[in-house]
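The values are calculated or read from the model by the stated rules, or taken from the named source; none is laboratory data. This structure is a prediction, so every number in the text was calculated from the model and none was measured. Ideal geometry is used to build each Cβ from the backbone, glycine not excepted, and the neighbour counts take in all protein chains shown. Surface accessibility is based on the protein's heavy atoms, side chains included, excluding ligands, DNA and RNA. Shrake-Rupley method; radii C 1.70, N 1.55, O 1.52, S 1.80 Å.
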Amino acid sequence: MTVVGFGGDLVAAGAAGGTTCSSSSGTATFKPALPVSGSKQKVKPTITVKRAKIRNCKGGGVTSGTFNSTSKFHTGTNCDTLLAGKPSAHPPTGTITTKGNNGKSSTGTVKLNTVAGQPTQTHVTGKVTKGLFKGMKLSATLQFAPKQGDCLTTPLNAVTFSLVGKLKIS
C-alpha cells in the first residue's frame with residue numbers, strides 16, 4: 001500500500017546519532033481514488049499525508065512531532081492490485097517533511113515498498129536530504145485500513161495508518 005510519513009518526525013529530531021519512535025498515525029488520501037475491486041481501470045494516484053503524528057521517540061532530542069508527505073504511483077493500480085500484496089517493480093516514491101516538538105524541520109525522500117504476504121502493510125524506506133539528520137536513512141512499516149466498503153462498493157480515496165514496530169532514522 002502506500003502511506004507515507006514515517007520516520008519523518010525523527011528526521012526533525014535533532015541529533016547526529018539518529019532516533020527511534022514507537023508510535024505513528026495518520027490518514028493518507030489517494031487522488032484519483034483507486035477503482036473498486038473487479039474494475040479493469042487502473043490509475044496512478046498521488047498519495048498525500050497531512051499533519052500525521054509521530055510519538056514516543058527516543059534519541060535525537062525529540063519526543064514527538066508531525067509530518068506531511070506526498071508520493072506518486074509510477075505504474076497503474078486499483079484495489080485488486082493493491083490488495084494482491086505483490087511487490088511492484090516501480091513502487092511509489094515521494095517526499096516527506098517533518099517538524100519535531102523541538103520546532104526543527106527536516107525533509108527526505110521515501111519509497112513505499114509492498115510487504116510480501118501482507119496486503120495492508122507498506123514498508124517505507126528513505127533518506128534524509130535536509131535538516132538535522134541529513135544523510136541518514138529512515139525505515140518504518142505501516143499498517144493501513146480502508147473505511148468499511150472501500151474497494152468493495154466505493155473507490156478507495158483514503159486510509160488510516162499506524163506504525164508496526166518502530167520507525168528508525170540512523
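Please report, in debye to the nearest 20, how large the charge dipole of the chain is about its Cα centre when each Lys and Arg carries +1 at its beta carbon and each Asp and Glu carries -1 there. It would help to have the intermediate numbers written out before the result.
Numbers: 21 positive and 3 negative charges, 83 e Å.
So the magnitude is around 400 debye.
Using the Karplus curve 6.51 cos²θ - 1.76 cosθ + 1.60 with θ = phi - 60°, what ³J(HN,Hα) values do you get for each residue of the stretch 23-38, in whole Hz, with x for Gly and Pro?
Result, rounded to whole Hz: 8, 8, 7, x, 10, 10, 10, 10, 10, x, 5, 6, x, 4, 4, x.
Near Thr75, within a Cβ-to-Cβ distance under 9 Å, what is the net charge of the other residues, with Lys and Arg +1 and Asp and Glu -1? All intermediate terms of the calculation are to be shown ahead of the outcome.
Working: positive: Lys42, Lys44; negative: none.
So the environment of Thr75 carries a net charge of +2.
Per residue, how many Å² of accessible area does the chain show with a 1.4 Å probe? Spell out each step's value before the answer.
Values: 7780 Å² over 170 residues.
Here the per-residue accessible area is 46 Å².
³J(HN,Hα) across the stretch 77-86 via Karplus (A = 6.51, B = -1.76, C = 1.60, θ = phi - 60°), whole Hz, x for Gly/Pro?
9, 8, 4, 4, 5, 4, 7, 5, x, 8
Starting from the Cα of Lys31, step 7 Å along the direction of its Cβ; do the same at Thr107; then give the gap between the two resulting points in nm.
Modelled inter-label distance: 2.0 nm.
Round to a whole number: what % of the accessible area of the stretch 74-132 belongs to carbon and sulfur, probe 1.4 Å? Show your work: numbers first, answer last.
Working: 1530 of 2830 Å².
The computed percentage sits at 54.
Among Pro146, Ala33, Leu163, whose Cα lies farthest out toward the positive end of the dipole of the chain, if unit charges sit on the beta carbon of Lys, Arg (+1) and Asp, Glu (-1)?
About the Cα centre, the residue reaching furthest to the positive side is Leu163.
Using 1/(1 + (r/R0)^6) with R0 = 35 angstrom and r between the beta carbons of Arg51 and Lys127, what's the FRET efficiency to the nearest 0.05? Mind dumping the intermediate values first?
Numbers: r = 23 Å, r/R0 = 0.65.
That gives a FRET efficiency of 0.95.
What does the C-alpha gyration tensor say about the overall shape of the chain? Classify as rounded when a/c is under 1.5, otherwise prolate if a/b is larger than b/c, or oblate. The partial results should precede the final answer.
Working: a/c = 2.25, a/b = 2.05, b/c = 1.10.
Prolate, because a/c is 1.5 or more and a/b exceeds b/c.
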